[in-house]
Amino acid sequence: MSARLFRVRGLVQGVGFRPYVWRLANELGLSGWVRNDGAGVSIAAAGARLAEFIARLPTEAPRLARIDGIDSESGEVVGEGFVILDSVAGAIATAIGPDAALCPDCLADLCDPANRRWRYAFTTCTHCGPRYTVSRKIPYDRAQTSLAGFPLCPPCEAEYTNPADRRFHAETTCCPACGPQLCLLDAAGQALAGDPFAATLRLLQAGKIVALKGLGGFHLACDARNAEAVAELRQRKQREAKPFAVMGLNAAVLAAFAKIGEAELDLLRSTAAPIVLCPKGASELPGIAPGLPWLGVMLPSTPLHLLLWHEVAGRPRGTDWLKDANELLLVMTSANPHGEPLVTGNDEALNRLAGIADAYLLHDRDIVVRCDDSVLRAGPLFIRRARGYVPVPIALAKGGPSVLALGGFLKNTVCVLKGREAFLSQHVGGLDNAAAIGFLEETVGHLLGILEVRPDLIAHDLHPDFPSTHLALRLAEELGVPALAVGHHHAHIAAICAEHGINEPVLGLAIDGVGLGPDGGAWGGELLRVAGAACTRLGHLWPLRLPGGDRAAREPWRMALSALYDGGQQERIAGWLHQHYPQRDAAPLLTMLARDLRCPPTSSLGRWFDAAAGLLGWRDISSYEGQAAMELEGLAAVHQAWLPLPGGFALNSGVLDFSPLLAALLDAEDAAQGAALFHATVAAGLAEWVLEMATREKLAKIVVGGGCAMNALLMAALRPVLTAAGLTVLEARQAPPNDGGLALGQGWVARAMFKEMKNVSGNSRASR
Ligand SMILES: [Zn+2]
Ligand SMILES: [Zn+2]
């Protein structure tokens, strides 16, 4: 009988793909086999309805599967029937998937009083549930996950071994008889009696703060409608103004507070179930996202979270209640005191969250891998890439040596390049404390382990003092491999080249906070020519000076004063300061500026945003990174008229200067009008700069990266001008454009450097 052999590539292991193939083949009366191997899944199939099998195989694949390609050739099938064969040794390449939102079938189980998983918070199957966050190492099977200590009971075992069941080889499956259990503890660690959901709900409704153990770490939750509870949470967490995310049952419930369009809804309902930033709606939740025009929202996507809403609804049977109105709206913020990594362990929670949480909803399924919530805007635009996306690889245009890239200092992530795939780690965060540096090392070890990679190269930032650089140099020495330093903004542009498979020279517009340039300067507003390992600076923003150094980056009033001083507006400083910040003393700053003492220059666009916010009297001090720029974007968004200021910028020999614009902001009608004028003029200036340089350099592709590329208004004003002029504009879509994507770019550049090193040594050998 004629048979075909298929090789399926993509995310096809650990997602119920083999039983899916088995069921389809049996339905069509085929004979043959299916098994996991090193590259994915292979199938041999024969029978009269083989053509139908080929047609349906890619279209009816399970929820979490992603088929990248199917190769087929003629093969052979011996015997009758269709079987699932044992995996080939070494079949582990991409076996651990990301965590996924509860699937509709498990949801139905949860809400069925006759089902043995009625109201069971750890219900899962091959189509949903935790993966990455419960996996210690490969291969992905139960013994390597935190479910290892929960042997399956007979009914679960029967499901696990039955290919017709959706829990066939569901490595984290369990039930109330054999699986993890919940418990609710008070602030002193004493167990609270009663149903954990009912009791948790009572606490939340009474304005208490409850620590909830989620998938990749603990959340701190409180009633989002209770302004006092929110204020108390801010005070206990020492989080003055940084926005919180809110969880509500459905889009209809959230609609009063957030404008959720089609694109936002698709993201919210995706299997990754991220936090999605939406424009605020008609009603405001006090204290949740002060001063910002967006609200981060998410839907309950684990059984543990959903059961809280089920409790509010009165424990209804069936799933119709999910569409109903439901009053419960919770603040869900990462439990990471003092900016340290997220809390993951039970004892650790009682210890580190003491004084913050009033109670703890815990369970005995360990979180193996710490993983924050992902945050996106529609686009999609990643602000933070973590739970639900990691460790899904980003496809590369070509292969090369294995690289470990260690990222930067803020919003750190690491990246492993293996063959034609780049594995970007979850968000590690700012490396300004020992706990975060420990988390960085842990992440590197875990990622290399699950990918079975021993790197040929290690890449890091140019900055010699970053903990990520220190770790890179240490690992390179231990492994005896080269460590390659990559410029910060070169890496920003390269990250976008990597995800778009670019192999030709591009014009790179890096608009950013700050990063060390190869000349030792603080860069952040650069026009670069990037061609693989080569990066040439074609132009930069006119440098602003930072009076008092790094402190000026946190104090917009200092940037404003500096910009006025250097922009020829010295006589207006006193009047401006008196009007907006009468409590501030200009004298020490003026002395520093006059003598050029402790006033390092920076070409950062982020500092121009700070200067504008300071000038408009909007903000003198930022309480978190990027606050002034985000608020300025918010102010501009509500303003109607949006025209650039004529003569608002000057362009000389590749240097773009917005001093005329800043001077004009002193005469703005109000902060909103000034913010809109600032955005429109900056976009116009950047566009003219890019177009001039693209013509000069004969480059047709422009890559826009860096933290300021997250500014949706700026990009919406810039993009169409460049596109209309015939340029192809490339932006970050699969990784964050901010420092969270640096490691991807570092890895890509390191491969290009390595290739050049090899060519050079090859040529020199040839010439001898
Ligand atoms: Zn499921
Ligand atoms: Zn069981």
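The values are calculated or read from the model by the stated rules, or taken from the named source; none is laboratory data. This structure is a prediction, so every number in the text was calculated from the model and none was measured. In this analysis, Cβ positions are derived from the backbone assuming ideal geometry, glycine residues included, and neighbour counts consider all displayed protein chains.
Here are the numbers:
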quantity: Matching residues in the stretch 295-333 - criterion: being of a type in the set (Ser, Thr, Tyr) and crowded, with 22+ Cβ neighbours inside 10 Å; calculated: 301, 302, 333
quantity: Conditions (1) in contact (Cβ under 8 Å) with a residue 12 or more places away in the chain; (2) out of contact with any helix residue (DSSP H, G or I) (no Cβ under 6 Å at 6 or more places or on another chain); (3) of a type in the set (A, V, I, L, M, F, W, C); number of the one not met by residue 434; calculated: (1)
quantity: Any helices (runs of 4 or more DSSP H) falling wholly within the stretch 12-119 and containing at least 3 residues that are at pLDDT 95 or above, under 30 Å from residue 322 (Cβ atoms) and within 16 Å of ligand 2 (Cβ to nearest atom); calculated: 104-110
quantity: The listed residue being farther than 25 Å from residue 112 by Cβ, of a type in the set (S, T, N, Q), without any contact (Cβ under 8 Å) to a residue 40 or more places away in the chain and not assigned by TED's automatic domain parsing to the domain that holds residue 335, out of 144, 205, 235, 190; calculated: 144
quantity: Pick from the stretch 120-142, criterion in a loop (DSSP other than H, G, I, E, B) and of a type in the set (Lys, Arg), ranking: nearest to ligand 2 (Cβ to nearest atom); calculated: 131
quantity: Filtered residues of the stretch 153-179 (kept if more than 16 Å from ligand 1 (Cβ to nearest atom), touching a residue at least 12 places away in the same chain (Cβ under 8 Å) and of a type in the set (A, V, I, L, M, F, W, C)); calculated: 153, 177, 178
quantity: Near pairs, Cβ below 7 angstrom, 6+ apart or cross-chain, from the stretch 41-58 (under 14 Å from residue 20 (Cβ atoms)) to any residue that is aromatic (Phe, Trp, Tyr) and at pLDDT 95 or above; calculated: 43/6; 45/53
quantity: Matching residues in the stretch 1-14 - criterion: being surrounded by fewer than 22 Cβ atoms within 10 Å (Cβ to Cβ) and out of contact with any Lys or Arg (no Cβ under 7 Å at 6 or more places or on another chain); calculated: 1, 2, 3, 4, 5, 6, 7, 9
quantity: Out of 252, 256, sole residue that is assigned to a loop (DSSP other than H, G, I, E, B), out of contact with any helix residue (DSSP H, G or I) (no Cβ under 6 Å at 6 or more places or on another chain) and surrounded by fewer than 20 Cβ atoms within 10 Å (Cβ to Cβ); calculated: 256
quantity: Residue under evaluation residue 700, criteria (1) more than 21 Å from residue 641 (Cα to Cα); (2) of a type in the set (A, V, I, L, M); (3) crowded, with 20+ Cβ neighbours inside 10 Å, criterion not met; calculated: (3)
quantity: Those residues of the stretch 131-154 which are buried (at least 24 other Cβ atoms within 10 Å of the Cβ) and touching a strand residue (DSSP E or B) at 6+ places or on another chain (Cβ under 8 Å), in sequence order; calculated: 131, 134, 135
quantity: Residue match in the stretch 472-491 (condition: acidic (Asp, Glu) and buried (at least 21 other Cβ atoms within 10 Å of the Cβ)); calculated: no
quantity: Members of the stretch 143-170 found to be in a helix (DSSP H, G or I) and of a type outside the set (Phe, Trp, Tyr), listed by number; calculated: 143, 144, 154, 155, 156, 157, 158, 159
quantity: Flag for residue 523 being crowded, with 24+ Cβ neighbours inside 10 Å, more than 30 Å from residue 582 (Cβ to Cβ) and of a type in the set (Phe, Trp, Tyr); calculated: yes
quantity: Any hit, the stretch 677-689, residues being among the aromatic types (Phe, Trp, Tyr) and in contact with a helix residue (DSSP H, G or I) (Cβ under 9 Å, 6 or more places away or on another chain); calculated: yes
quantity: Hits in the stretch 451-494 - residues which are more than 24 Å from residue 137 (Cα to Cα) and either of a type in the set (Asp, Glu) or in contact with a Lys or Arg (Cβ under 7 Å, 6 or more places away or on another chain) (or both); calculated: 461, 465, 477
